[in-house]
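See structure below.
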Amino acid sequence: MIKSKIMEREGLFMSSMLPGDKNNHKPQLPEPFRELVKSMNDFFTDKPMRGFLQSIDDFFKTPFPLGSSFHVETVETGQEYIISAELPGVKKEQIQLNITGNYLTITVENKEIETEENDLTHVYRRKFVQQQSSRTIALPHTINEKSVKASYRDGLLQIRIPQEKGKVIDIDE
């Protein structure tokens, strides 16, 4: 019984093989599926779709897409503020720190020139890409920029700002 079912199934597949190819044991897809697979292949190999898929790849290659932000954490220890920013894939030269009053601004800027040359079609394309992302942190007192220390290692920026004690004023009676 089991053997007859297997033979039946093999007979179905044998009838759908290409005529004249007796050594081909690979069954072809039934007609509706063949059209579906052809449609899917056409969809992913058309130029507009390839361009779309390329733009998705480009999006995930850049560490900071335009308009995005990055994670910043501020910890107060009693003696200093420790500000940590996670910047994976960013080079030290791309980071800029700016202090104005009691505000610290961390800016990450990426500038690249992409060049694409195709000698067969004589198409040359050059694209200048500039991306910038920044975060501003407000502290309760004015920051003395001479006492700030910053370090950057393995994608983690750490900024240490000492807490300054204000002058105590006695009140007369």
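Odds and ends about this structure:
- Computed from label points 7 Å out along Cα-Cβ, the spacing between residue 103 and residue 125 is 3.9 nm.
- Annotation: amide H-H contacts under 5 Å for residue 163 (H modelled 1.01 Å from N, sequence separation of 5 or more, or interchain): 80, 81.
- If you take all other residues with their beta carbon under 10 Å from the beta carbon of residue 113, and give Lys and Arg +1 and Asp and Glu -1, the sum is +1.
- Viscosity 1.002 mPa s, temperature 20 °C, Stokes-Einstein D of segment 72-162 from Kirkwood C-alpha radius, µm²/s: 140
- Label point of residue 77 set 7 angstrom out along Cα-Cβ; within segment 123-161, amide nitrogens under 12 Å from it belong to 149, 159-161.
Each reported figure results from applying straightforward, stated rules to the coordinates on display, with no laboratory input. All of these numbers come straight from a predicted model, not from anything done at the bench. Glycine also receives a Cβ, built like all others from the backbone with ideal geometry; neighbour counts cover every protein chain displayed.
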